[in-house]
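Peer 1: Structure incoming, see below.
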Amino acid sequence: MIRILYGASKLLLCSTDFVSCSTTVHFAMLGDWMKDLEIGIPELLEHGIKVLIYAGEYDLICNWLGNSRWVHAMKWSGQKRFVGSPAVPFSVNGSEAGKLQSYGPLSFLKVHNAGHIVPMDQPKASLEMLTRWMQGKLATT
């Protein structure tokens, strides 16, 4: 599972009970299984749409290094500047929760002490990541 978030302007609230593995969601997303989503991302970036790609550093299913490599190899006008940008600490409540690399509309975050389901392993860091990203403050803090 690659987690790609882009251009969200507001959160939608619903009255559905949360379950960690929903068969309804699973069956609804079967058409997206093993699709190469990278091919559409450069166009989003070229239009200035913010894209956040994140991975848990202990994810054995979609390892952070493989995700980092495809993000770094992705062709777009800001690729060289993104690749040349430093990975900086992503801190939550004064503690380093990950490493963040950003340039323009693209951000890549490796989340420390998290596996495949980052929000389950690091709920505070996940909430802070999403909150800052949606406010346009992820790369500035």
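Peer 1: Would you check which residues across region 73-89 are within 19 Å of the chain's Cα centre (by Cα) and touching a residue at least 24 places away in the same chain (Cβ under 8 Å) and list them?
Peer 2: The answer is MET74, LYS75, TRP76, GLY78, PHE82.
Peer 1: Which is in contact with a Leu (Cβ under 7 Å, 6 or more places away or on another chain) and either open to solvent by less than 20 Å² (accessible area, probe 1.4 Å) or not in a loop (DSSP other than H, G, I, E, B) (or both), of PHE82, PHE108?
Peer 2: Exactly one residue qualifies, and that residue is PHE82.
Peer 1: State which residue pairs qualify: first residue without any contact (Cβ under 8 Å) to a residue 24 or more places away in the chain and inside region 109-124, second residue crowded, with 16+ Cβ neighbours inside 10 Å and not in a loop (DSSP other than H, G, I, E, B) in any location, beta carbons under 8 Å apart, and separation of 6 or more residues or different chains.
Peer 2: What qualifies is PRO119/SER126.
Peer 1: If you don't mind, another one. For region 111-131, what are the residues that are in contact with a Gly (Cβ under 8 Å, 6 or more places away or on another chain), closer than 21 Å to GLU38 by Cα and open to solvent by 60 Å² or more (accessible area, probe 1.4 Å)?
Peer 2: Matches in region 111-131: ILE117 only.
Peer 1: May I ask you to list the residues in region 20-47 that are hydroxyl-bearing (Ser, Thr, Tyr) and either open to solvent by less than 100 Å² (accessible area, probe 1.4 Å) or closer than 24 Å to MET74 by Cα (or both)?
Peer 2: Residues of region 20-47 that are hydroxyl-bearing (Ser, Thr, Tyr), as a first pass: 20, 22-24.
SER20, SER22, THR23 - these are the residues of region 20-47 that are hydroxyl-bearing (Ser, Thr, Tyr) and either open to solvent by less than 100 Å² (accessible area, probe 1.4 Å) or closer than 24 Å to MET74 by Cα (or both).
Peer 1: Could you check, for region 17-35, whether at least one of its residues is under 15 Å from the mean Cα position of the chain (by Cα) and in contact (Cβ under 8 Å) with a residue 24 or more places away in the chain? Break it down into steps so the answer makes sense when it comes.
Peer 2: Residues of region 17-35 that are under 15 Å from the mean Cα position of the chain (by Cα), as a first pass: none.
No, that holds for no residue.
Peer 1: Cβ-Cβ distance below 8 Å, separation of 6 or more or different chains: which pairs start in region 90-104 with a residue that is open to solvent by 70 Å² or more (accessible area, probe 1.4 Å) and end on one that is at pLDDT below 95 and of a type outside the set (Gly, Ala, Ser)?
Peer 2: Filtered contacts from region 90-104: no entries.
The values are calculated or read from the model by the stated rules, or taken from the named source; none is laboratory data. All figures in this text were calculated on a predicted structure; none of them were measured in a lab. Glycine also receives a Cβ, built like all others from the backbone with ideal geometry; neighbour counts cover every protein chain displayed. Heavy atoms of the whole protein, side chains included, go into the accessibility calculation; ligands, DNA and RNA do not. Shrake-Rupley method; radii C 1.70, N 1.55, O 1.52, S 1.80 Å.
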